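Structure, as structure tokens:
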Amino acid sequence: MKIMSFQASRAAVLMLAAAWLASPVSAQTQTPPAAPAQSTARPAPISPVPAAPSTPAPAVPAPAASTATAPAAATASPAAIAPATAKPDAASATAPAMKELSPWVMFMSADVIVKAVMIGLAFASLMTWTVLIAKSIELSVASGRLRSALKKISEARSLAEAQMALGTKEGILPSFLAAALREARMSAGLSSDAGIKERAASSFSEIVRAEARRIRIGMGVLATIGSTSPFVGLFGTVWGIMNSFIGISKSQTTNLAVVAPGIAEALLATAIGLVAAIPAVIIYNHFSRVTKSYLELVSRASGAAGRLLSRDLDRSHGSVHSRAAE
């Protein structure tokens, strides 16, 4: 019996050694739990000798199980690594893409208030250039007509000759001549020439003031646009930046791709405001100089009409004295 139990234990030890040698290295690292199996396998060979060949049967599939688990672990490891490699793709997918920041795209994506500000400033800029074209033509034509009229009456000796030289044309100089003739006719029979001249000068002043008001039409629009457009554009900028900060608080990120479009749209309003204001100020200053030159021509026309009236008065008094002498 002792010999049989020794042989059985020897056979069990040989089978365990063969299974240990056949298992891979990864299975060897997990062999410590198999130690109790060795202790439990030792009392099993108490049965007779024929039980020895029956024990190798369960020991043969052990390497297959261990080898089957090893590839499974090997194949499972890439799957475990896959989420780690997929994280940058997800982060890049959630990151906002930078859009094209052209002026038209910024205008279309701006807030309603900022759009209204931009449209108003664009309309103001259009009015500025319209006033420039209209006033340039008006002042050029008026100055040319007045210089031509002054040249025509430069050789006239009386108000009647001056009117005949000008004909039926309308303008500032014919208005002066008509006012002088009207005052001379209404003051007929009065011996005070100073009173007639004073009343005529008063009529001339009214005509000059009316012409100055007429020629300055549109200048107030330029002054208003030049002084208020920067502040209107600044209002649009403040409103746009406020909306940008609201968007930052909602998205809870300070990424430049989130902040840049809103700030660019806001700054576009300031740019349009400056585009509208700077030309308006320059054009206003230009027309101030041109208008001043034109009003100097008007004053020359007023003086010419006054001199013709004075000659007529002196001539009429001279004829009266000559008649009295006869």
Problem set entry | Enumeration of residues in region 282-299 that are in contact (Cβ under 8 Å) with a residue 24 or more places away in the chain and over 15 Å from residue 218 (Cβ atoms) | 293, 295, 297, 298, 299
For this session: Look at residue 141 and say whether it is β-branched (Val, Ile, Thr) and at pLDDT 90 or above.
Result: yes
Exercise. Within region 253-276, can one find any residue that is closer than 30 Å to residue 146 by Cα, assigned to a helix (DSSP H, G or I) and touching a residue at least 24 places away in the same chain (Cβ under 8 Å)?
Worked result: no
Exercise. From the set of residues in region 225-252 that are of a type in the set (S, T, N, Q) and surrounded by 15 or more Cβ atoms within 10 Å (Cβ to Cβ), which is nearest to the chain's Cα centre (by Cα)?
Worked result: 237
Exercise. Among (1) among the hydrophobic types (A, V, I, L, M, F, W, C); (2) exposed (fewer than 14 other Cβ atoms within 10 Å of the Cβ); (3) over 30 Å from residue 126 (Cα atoms), which single condition is residue 210 missing?
Worked result: (3)
Exercise. When you look at residue 291, is it within 30 Å of residue 176 (Cβ to Cβ), in the same structural domain as residue 157 (by TED's automatic domain parsing) and among the β-branched types (Val, Ile, Thr), yes or no?
Worked result: yes
For this session: Would you check if residue 220 is part of a helix (DSSP H, G or I), in the same structural domain as residue 144 (by TED's automatic domain parsing) and within 13 Å of the chain's Cα centre (by Cα)?
Result: no
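The values are calculated or read from the model by the stated rules, or taken from the named source; none is laboratory data. Treat the numbers as computed from the prediction; the structure is a model and nothing was measured. FYI the Cβ positions are ideal-geometry reconstructions off the backbone, even for glycines, and counts take in every protein chain you see.
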